[in-house]
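Peer 1: One structure coming up, written as structure tokens, with questions to follow.
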Amino acid sequence: MIAASLFAVRESLNKKLSQRTTALFIIWGSTLLSLPIFIVSLIFSGAPQINKSFWLVLPLAAVLSLLSSFLLVRAVQISPLSKTLPLLSFTPVMLVFTSWLMLHQMPSRWGLVGILLIVIGAYSLNAEKFRQGFKGPLRAIVEERGSLYALAVAVIWSITSNLDKLGIQYSSIPFYLLTVNFTVIIMLTAILAYQRQPLFSGLKKHFRWLISISVASSLISIFQLLAISRIIVPYVIAIKRGGGVLGGIILGKTIFKEGNFKIRLMAGLIMVAGIVIIMVVH
């Protein structure tokens, strides 16, 4: 739940900063500033024993992490928080299948009920579109480019969440976080240098925003991987997505003055019901 709350705050910061600079620069700057946190964590935890399979997981996890981060920042940049973050709740449903394929894990029946409630809540966020028929809310998603980006992120996260679990099993949480983020930095630096973007002057200009985002991102990663190492992946992501969605709805209303608050809040509460079921039965 801590990761879920921080997630909503981070995306609000991303939305604010994305009005001043590019999505790729935001990811580069916040990731760069998060590296010292992961380095200190690794120093205190010590060097882990690394399974050879780790080096197969690392590049795939880094590439998908960069792609999902870019799509998410672009989603909140061009669309309301209350229309993008809720769609990330589809990740737990997809995780039911990817976790079974990759990790041979399946939630219990009650766990599936909780996940289903989260998805129903997400669908109900566009309840005003039911006047156009049952497919109305789906049309609203298709017509909102940011919503499509958020759905793409949900698909990618259904894969990377399992890669995260494998990565920490093959090494350790601090080592995995450091190596993945360092690999992302290398890729992004090459891309931004090719685009001739002013990296360090931009870092100085937006430092306060970027350091806030990086601290939130680091804590999200640490708390999420701690949870993943203890319980099955779909439960962790369901809790994070549901809590993050509710936070996104509230922050969308209070900070960005987004409409249809009551409808979206009720839909968010349905998601919270799903979260409660998951936490109680586990």
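The values are calculated or read from the model by the stated rules, or taken from the named source; none is laboratory data. As the structure is a computational prediction, the values presented were derived from the model and not from experiment. Virtual Cβ from ideal backbone geometry, glycine too; neighbours counted across all protein chains shown.
Peer 1: Take Lys16 and tell me if it is charged (D, E, K, R), surrounded by fewer than 19 Cβ atoms within 10 Å (Cβ to Cβ) and in a loop (DSSP other than H, G, I, E, B).
Peer 2: No, not satisfied.
Peer 1: Oh, and also: Going through the range 199-226 one residue at a time, which ones are crowded, with 19+ Cβ neighbours inside 10 Å and farther than 19 Å from Leu72 by Cβ?
Peer 2: Within the range 199-226, Gly202 is the sole residue that qualifies.
Peer 1: It is to be established whether one or more residues within the range 76-99 are part of a helix (DSSP H, G or I), aliphatic (A, V, I, L, M) and modelled with pLDDT of 85 or more.
Peer 2: Yes, the range 76-99 has at least one match.
Condition check ((1) part of a helix (DSSP H, G or I); (2) over 21 Å from Glu11 (Cα atoms); (3) of a type outside the set (D, E, K, R)) across all residues:
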position	(1), (2), (3)
Leu177	yes, no, yes
Phe182	yes, yes, yes
Ile185	yes, no, yes
Leu188	yes, no, yes
Ala193	yes, yes, yes
Gln197	no, yes, yes
Ser201	yes, yes, yes
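Peer 1: Another question, if that's okay. Is it the case, given these coordinates, that Thr84 is in contact (Cβ under 8 Å) with a residue 60 or more places away in the chain, farther than 19 Å from Ile250 by Cβ and of a type in the set (Ser, Thr, Tyr)?
Peer 2: No.
Peer 1: Just to verify a result, which residue in the range 128-150, among those that are buried (at least 16 other Cβ atoms within 10 Å of the Cβ) and farther than 17 Å from Thr91 by Cα, is modelled with the lowest pLDDT?
Peer 2: Pro137
Peer 1: Step by step: first the residues of the range 35-63, then only those that are polar (S, T, N, Q) and surrounded by fewer than 16 Cβ atoms within 10 Å (Cβ to Cβ), then the one that is modelled with the lowest pLDDT. Which residue is that?
Peer 2: The residue in question is Ser45.
Peer 1: Which pairs turn up if I take residues in the range 106-119 that are at positive phi and modelled with pLDDT of 80 or more and look for partners that are surrounded by fewer than 22 Cβ atoms within 10 Å (Cβ to Cβ) and aliphatic (A, V, I, L, M) with beta carbon separation below 6 Å, at least 6 apart in sequence or on another chain?
Peer 2: Pairs found: none.
Peer 1: Right, something else. Determine, yes or no, whether Phe70 is in a helix (DSSP H, G or I) and crowded, with 16+ Cβ neighbours inside 10 Å.
Peer 2: yes
Peer 1: Additional query: Please determine whether any residue of the range 50-62 is part of a helix (DSSP H, G or I) and of a type in the set (Ser, Thr, Tyr).
Peer 2: no
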